[in-house]
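**Student:** Sending over a structure as structure tokens; questions will come in a sec.
The values are calculated or read from the model by the stated rules, or taken from the named source; none is laboratory data. Source: prediction; values computed, not measured. Counting neighbours? That spans all protein chains shown, and the Cβs are built from the backbone with ideal geometry, glycine included. Just so you know, the surface numbers come from the protein's heavy atoms only, side chains and all, with ligands and any DNA or RNA stripped out. Shrake-Rupley method; radii C 1.70, N 1.55, O 1.52, S 1.80 Å.
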Amino acid sequence: MRYDTHVSPNPILKGHTMQFSTATAAHAEAAQLFVCTEAAQLKDETAKLLFQSLEDGQSFAAAALPVAGSLHHVALLRLDDLSVETLQKAAKEAAAWAQKQSALSVDLNPFCAENAPRVAAALAAALGEAVYRFDRFKSEAKPTKLVQAAFVHTEHAGSVQAALNRAEALLYGMNLCKDLANTGSNVCTPTYLAETAAKEAQQLGAAAKILGGDYIRDNMPSFWGVAKGSKEEPKLLELQYFGAADKSADPIVLVGKGLTFDSGGISLKPGEGMDEMKYDMCGAATVIGTFIAAVKAKLPINLAVVVATCENMPDAGAAKPGDVVRAMNGTTIENLNTDAEGRLVLCDALTYVEQNFKPKAVIDVATLTGACIIALGHLTSGLMGNDQDLVDALLAASRESNDKAWQLPLFPEYKEQLKSNFADLQNIGGRPAGTITAGTFLAHFAQNYKWAHLDIAGTAWKSGKDKGATGRPIPLLLQYLANQAA
């Protein structure tokens, strides 16, 4: 068994971060954003005129006023209701304007103690996402102008600041997730991923442990069967944070799939679009980002993360279709498709959790199946689990954060598709219900605790001209953890 205790000084990347603060009055030189639900709430004459200029269905208007030889930028955001969907949609529109400013004052005085923090949090999250850039490898970086925003509220600055602190923690975690995912796999290797996460955790006072290839080869044969085709050493990362009043209380454990590059192995993927397989570690990046956000937010909760990270490559030593391996819990698995490797890594990680923790609940996150994109598109993450209360809690957090997820069934009949003539299980169940049979496979290794599975293959990153990691489903998971802490 090998424990890597030294953490190399990898650069910690978080895109372009913003600073949020509260104030009792707007800064004279900052652009001003007035937020309201009706005109009667406004005292500023320019804001009133902007409100009157809005047509039906419009929520945002902006103007540039000549003041003392320069232009002073003013904008209005009208919220017809305060549902999370309306807040987020309107906030993104305002953020697209605000990111072009150098400083921003946001007037929240129209809102009461209950609503001001909600509006502030939505705007902060939208502003943070709007200014995010990943330009580490560009010769000429073009950072956004906006670096700070002050939220003005004369009566409820304390509750607004608390909401901003939570938003800053969320953005920090999401930016870390995006940075890790957007980094090419020649840099973001399993070692880099594990060591960067460990360093981030240790800087916040959390515990970190990294197990190397020797431990994985000797104890996690299914995981090793995927990793052995690459020259990059696999890693098993463990993070722990004890924030609850009762430090001995059972932790919630998040498990992440960390395939820093997935070629498909011997079952090689098509060349077109294979560059995006650097994103096959987004499950790992998600649980790492969620963990760091929860620690920064100082949630009163006991939390652990287990990340299994490696590459899936077609080396001469790689696994072959038809190979049979024995998983960490003794189950034998017939590997019919080496491109269905994520479940072979996760099954040993789930067994590791059972052997090393007494979890309150276990949630694994993975870019697991292309079938999930066929079923739910790029809007919604797939959700399955063996405990309905846990699934319902995640769905509630999904609605509260507007980070969409949808439950898929795990009926016992789906196990029939995983029967093998030569082993206890086979790792694929054919084309029908591909996302569900992948979840059914994982469920076999999570029978002794409350478990849920999030398939984020369609939601973890975008393709095309907006190519890049999204940071989802960190908003969902952080909301779930906050609810559990409460």
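**Student:** Tell me the residue from 86, 144 that is closer than 20 Å to residue 402 by Cβ, outside the structural domain of residue 476 (by the TED database), surrounded by 15 or more Cβ atoms within 10 Å (Cβ to Cβ) and hydroxyl-bearing (Ser, Thr, Tyr), please.
**Tutor:** Result: 86 is the single residue among 86, 144 that is closer than 20 Å to residue 402 by Cβ, outside the structural domain of residue 476 (by the TED database), surrounded by 15 or more Cβ atoms within 10 Å (Cβ to Cβ) and hydroxyl-bearing (Ser, Thr, Tyr).
**Student:** Look at the range 176-189 and say how many of its residues are surrounded by fewer than 24 Cβ atoms within 10 Å (Cβ to Cβ) and not in a loop (DSSP other than H, G, I, E, B).
**Tutor:** 2
**Student:** Something else: List every residue pair whose Cβ atoms lie under 6 Å apart, where the two residues are 6 or more positions apart in sequence or sit on different chains, the first residue falls within the range 53-64 and is of a type in the set (Gly, Ala, Ser), and the second residue, located anywhere, is part of a strand (DSSP E or B).
**Tutor:** Pairs that qualify, where the first residue is of a type in the set (Gly, Ala, Ser) and the partner is part of a strand (DSSP E or B), are 53/61; 59/78; 61/76; 62/75; 63/74; 64/71; 64/73.
**Student:** Just checking, how many residues over the range 240-270 are open to solvent by 10 Å² or more (accessible area, probe 1.4 Å) and within 23 Å of residue 335 (Cβ to Cβ)?
**Tutor:** So the count comes out to 6.
**Student:** Could you grab me the full set of residues in the range 190-234 that are assigned to a loop (DSSP other than H, G, I, E, B), out of contact with any strand residue (DSSP E or B) (no Cβ under 6 Å at 6 or more places or on another chain) and surrounded by 21 or more Cβ atoms within 10 Å (Cβ to Cβ)?
**Tutor:** Passing the criteria: 220, 229.
**Student:** Follow-up question, since we're still on this one. Tell me which of these residue 74 doesn't satisfy, since it passes every other one: (1) open to solvent by 30 Å² or more (accessible area, probe 1.4 Å); (2) touching a helix residue (DSSP H, G or I) at 6+ places or on another chain (Cβ under 8 Å); (3) under 19 Å from residue 148 (Cβ atoms).
**Tutor:** All conditions are met except number (1).
**Student:** How about the range 147-160: which of its residues are surrounded by fewer than 17 Cβ atoms within 10 Å (Cβ to Cβ) and either of a type outside the set (Gly, Ala, Ser) or under 26 Å from residue 183 (Cα atoms) (or both)?
**Tutor:** Listed by number, the residues that qualify are 147, 148, 154, 155.
**Student:** Further question: Inspect all residues belonging to the range 357-380 and state whether any of them is surrounded by fewer than 24 Cβ atoms within 10 Å (Cβ to Cβ), more than 22 Å from the chain's Cα centre (by Cα) and under 16 Å from residue 256 (Cβ atoms).
**Tutor:** Yes; the residues of the range 357-380 include at least one that is surrounded by fewer than 24 Cβ atoms within 10 Å (Cβ to Cβ), more than 22 Å from the chain's Cα centre (by Cα) and under 16 Å from residue 256 (Cβ atoms).
**Student:** Could you tell me whether the range 111-126 includes any residue that is assigned to a helix (DSSP H, G or I) and open to solvent by 70 Å² or more (accessible area, probe 1.4 Å)?
**Tutor:** yes
**Student:** Would you check if there is a residue in the range 166-183 being closer than 30 Å to residue 329 by Cβ and over 15 Å from the mean Cα position of the chain (by Cα)?
**Tutor:** Looking for residues that are closer than 30 Å to residue 329 by Cβ and over 15 Å from the mean Cα position of the chain (by Cα), one finds none in the range 166-183, hence no.
**Student:** Hey, among 199, 145, 209, which residue is more than 21 Å from residue 17 (Cβ to Cβ) and among the basic types (Lys, Arg)?
**Tutor:** So the residue among 199, 145, 209 that is more than 21 Å from residue 17 (Cβ to Cβ) and among the basic types (Lys, Arg) is 209.
**Student:** State whether one or more residues within the range 456-465 are among the hydroxyl-bearing types (Ser, Thr, Tyr), in a loop (DSSP other than H, G, I, E, B) and in contact (Cβ under 8 Å) with a residue 40 or more places away in the chain.
**Tutor:** yes
**Student:** Take the range 421-436 and flag every residue that is of a type in the set (A, V, I, L, M) and either open to solvent by 70 Å² or more (accessible area, probe 1.4 Å) or in a loop (DSSP other than H, G, I, E, B) (or both).
**Tutor:** Those that are of a type in the set (A, V, I, L, M) and either open to solvent by 70 Å² or more (accessible area, probe 1.4 Å) or in a loop (DSSP other than H, G, I, E, B) (or both): 423, 428, 433.
**Student:** Sticking with this one: Of all residues in the range 437-457, which are of a type in the set (S, T, N, Q) and surrounded by fewer than 24 Cβ atoms within 10 Å (Cβ to Cβ)?
**Tutor:** If the condition is that a residue be of a type in the set (S, T, N, Q) and surrounded by fewer than 24 Cβ atoms within 10 Å (Cβ to Cβ), then 447, 448 are the ones that fit.
**Student:** Could you say whether any residue in the range 408-420 is under 22 Å from the mean Cα position of the chain (by Cα) and open to solvent by 20 Å² or more (accessible area, probe 1.4 Å)?
**Tutor:** Checked the range 408-420: at least one residue is under 22 Å from the mean Cα position of the chain (by Cα) and open to solvent by 20 Å² or more (accessible area, probe 1.4 Å).
**Student:** Same structure again: Which of the residues that make up the range 140-166 are touching a residue at least 60 places away in the same chain (Cβ under 8 Å) and assigned to a loop (DSSP other than H, G, I, E, B)?
**Tutor:** 143, 144, 146, 147, 153, 154
**Student:** To continue, here is another question. Test residue 290 against the criterion of being under 20 Å from the mean Cα position of the chain (by Cα), over 21 Å from residue 172 (Cα atoms) and not acidic (Asp, Glu), and give yes or no.
**Tutor:** No, not satisfied.
**Student:** Report, by residue number, each residue of the range 128-180 that is under 26 Å from residue 27 (Cα atoms) and among the acidic types (Asp, Glu).
**Tutor:** 129, 155, 168
**Student:** Can you tell me how many residues in the range 458-480 are touching a Cys at 6+ places or on another chain (Cβ under 8 Å) and open to solvent by less than 10 Å² (accessible area, probe 1.4 Å)?
**Tutor:** Number satisfying all stated conditions: 4.
**Student:** Do the conditions hold for residue 435, that is, is it under 17 Å from the mean Cα position of the chain (by Cα), on the phi < 0 side of the Ramachandran plot and assigned by the TED database to the domain that holds residue 258?
**Tutor:** no
**Student:** Any residue at all in the range 159-171 that is closer than 13 Å to residue 20 by Cα and modelled with pLDDT under 95?
**Tutor:** no
**Student:** Between 359, 270, which is within 30 Å of residue 247 (Cβ to Cβ) and in a loop (DSSP other than H, G, I, E, B)?
**Tutor:** Only one candidate passes the filter, namely 359.
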